[in-house]
1. Dipole of region 24-179, Cα-centred, from +1 at each Lys and Arg C-beta and -1 at each Asp and Glu C-beta, to the nearest 20 debye?
2. Quick one: with all protein chains in place, what share of the accessible area of region 98-181 is carbon or sulfur, to the nearest percent (1.4 Å probe)?
3. Which order do peptides 163-169, 110-116 fall in by mean Cβ count within 10 Å, highest first?
4. Can you give the FRET efficiency to the nearest 0.05 for residue 34 and residue 112, using r as the Cβ-Cβ distance and R₀ = 25 Å?
5. Based on Cα positions only, what radius of gyration and what Dmax would you give for region 93-138, in angstroms?
6. Quick one: the Cα spread of region 85-210 along its three principal axes, in angstroms, biggest first?
7. Roughly how many nanometres apart are two label points built 7 Å out from the Cα toward the Cβ at residue 206 and residue 136?
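The values are calculated or read from the model by the stated rules, or taken from the named source; none is laboratory data. Everything numeric in this text was worked out from a predicted model, so none of it was measured. Positions of Cβ are backbone-derived with ideal geometry, glycine not excepted, and every protein chain shown enters the neighbour counts. The area values use the complete protein model at the heavy-atom level, side chains included, leaving out ligands, DNA and RNA. Shrake-Rupley method; radii C 1.70, N 1.55, O 1.52, S 1.80 Å.
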Amino acid sequence: MALKKTVVNSTILNPAPAAAELKTEALRKSIHFLIAFSVPLAAISYPFAVFALGFGTLGYAAMERLRLSGIQVPLVSELTRRACRARNSQGFVLGPVTLGLGALLALLLFPFPAASIAIFALAFGDGLASLIGKFYGKRRPAFLFGKSIEGSAACFIASFTAAWLVSRSPAASLAAAFTAAAVEALPLEDYDNIALPLAVGLAVQLAMAM
């Protein structure tokens, strides 16, 4: 018998996801966390970090086109296949492209402290929101567009912590946490990888200017 979602007081209580789905999500977010390394790389060499993000994003896009054409790129194509969600399995897997673009735009558009916080919010706030939501998320109120309270709380805490460690500013940390949690809850799919760091970077920059 198929599992059914239970609705309690406008909150959807989801059944536990399958083990294969959890394994895929864990692999996806392990890759997601790696974008955080662009921050120390930029601290060492800003031009090289920008080049690496741009080249890596374009390189992945080219390899993904090859995969869809039937040409398998060693390691990359197999990793992409294993990490993609079911809804993306037959098409272009966009997540790594938007992830690279989000980090690249943050570095290009914001001063380094705000860009660092934006990228950490993308890596850890968004990444942990998905993992915690998938593994432990039970309550999904309508105002979170299907996302879980548990995942949103993880996003808030991770983003606040990262912002505090970078800035030591309560205002900037709260701005980063609230903005990241709000954007992560929106039904943007892979495009939240761009929207979240841009929104967080702007919010942090404004908070630091006050």
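1. Details: 14 positive and 5 negative charges, 103 e Å.
Using only the charged Cβ atoms, the result is roughly 500 debye.
2. Details: 2580 of 3340 Å².
In region 98-181, the share of accessible area belonging to carbon and sulfur is 77 percent.
3. On the way: 163-169: 18.4, 110-116: 20.6.
Per-residue mean Cβ counts within 10 Å order the peptides as 110-116, 163-169.
4. Values: r = 20 Å, r/R0 = 0.78.
According to the calculation, E is roughly 0.80.
5. Looking at region 93-138, its Cα Rg and Dmax stand at 12.4, 38 Å.
6. 44, 31, 21
7. About 3.1 nm, to one decimal.
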